[in-house]
Every structure is written in C-alpha cells, then in structure tokens.
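Engineer: I'd like to ask some things about the structure below.
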Amino acid sequence: MKMSGEYRIEAPIERVWDALNDPEILKQAIPGCDSIERLSETEMTAKVTARVGPVKASFTGNVTLSDLDPPNSYRISGEGKGGAVGFAKGGANVSLEADGDATILRYEVDATVGGKLAQLGSRLIDGTAKKMAGEFFSSFAEVVGGPAPEEAAAAAAPASGGFTGPVVGMGTWIGAAILVAAVVIALIAG
C-alpha cells in the first residue's frame, strides 16, 4: 500500500522540523492519539485509537527515524499492532522545503497491512486514510503555524498531488508525524 502527499504549512522550516520531532505537538495533531513517548533521539512509541469502518481498535506502534538531514529530511520506519484487528508495517520518506515564510512538507509512505483490517478493502482504507491525514495536517498546521484568519484551512490543504493508489494512512504514522504522523497514519488506516 502506498500513500504520498504534499502540504504547505504556514511556518518556517525550522519550526516545522522541530514540531515534527516534538511528541506533545504530534499528540495534539494525530487523530485518536492517546500517547507518544520519545525513547531516544531517533525512536518513539505511540498509542492510537482509531475506527476504520466497523472496526475500532487501539494500536501500539514503534517508530525509528533514520537518514536524518535536519531540517530537510529523514526516513521513518515503524510497525504497529492492533491485537486481533491487525497490524501495519512500513516506512516513509519525509522532506521539508522552505517556501518563503512557509514550508512545503512532502512524504511517501509504503506499508503493508494484515489481519482483519486488510480484509476491509482498499476503498474503505483509502477513505479513512485520507480523512485522518486531512485531520492530522489541519491540526498540525494550526498548532505549528498558529490560527490564521482564513489561511488555516488553506495551510492544511494539499499543495499539489495527493494520495495515490491503495492507501495506508498513519503518517506511517505521522508522525507524519509524518514522521510519527506518517507512520501513525499508516498504522491507523492500515
């Protein structure tokens, strides 16, 4: 399963980088996030409760960051388990690019999903992943960039491109963030 996206965040690249590596900000932005704990400079764990169609489950995920190039890019690898409901495993490449006073965040997620969730079908998973990613980026953009009158909605909107193919959300989980969000999104929608 693959997912990719590009988002414009109305904040400088350094602030976006710091936020993507801040467990408290990620917890606020990831839908259904119960906790995120930093284990080391490159490892985090997260617990998320999510509903994918008729299935609601709690997921526990481990995320490792590698290929760090602050504040430009990194790779997130992780796996999440939802007990009998299923699992997700995968990674995401995340890159940031300054765009004036804003930042363009790009990510590419590749994940595999198993268990009951995998039986729900790609359309349902795709819809859930898109919804969760939209919620994540909307919240993340507001927390990082601050509420801007009419720009908050535009800041969270895809800059271009979007989701492609069968999708697993959870910024591969986030973060993607995306970092965890990316991995988290993949795990949740997974």
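What follows draws every value from the coordinates through simple rules; no lab data is involved. What you are looking at is a predicted structure, and each value in this text was computed from that prediction instead of being measured. Neighbour counts run over all protein chains shown; Cβ positions are idealised from the backbone, glycine included.
Engineer: Can you work out the FRET efficiency for the pair D67 and E24, with r the C-beta to C-beta distance and R0 = 30 Å, to the nearest 0.05? Don't skip to the end; give the middle numbers.
Structural biologist: Values: r = 24 Å, r/R0 = 0.81.
Efficiency at R0 = 30 Å is approximately 0.80.
Engineer: On a C-alpha basis, how far is the centre of the range 12-29 from the centre of the range 33-74 in Å? Whole number, if you could?
Structural biologist: The two parts, judged by their Cα centres, are 13 Å apart.
Engineer: A further question follows. Sorted by packing (mean other beta-carbon atoms within 10 Å per residue), highest first, where do 73-83, 89-99 land? All intermediate terms of the calculation are to be shown ahead of the outcome.
Structural biologist: Working: 73-83: 22.2, 89-99: 20.4.
Highest-to-lowest ranking by the protection proxy: 73-83, 89-99.
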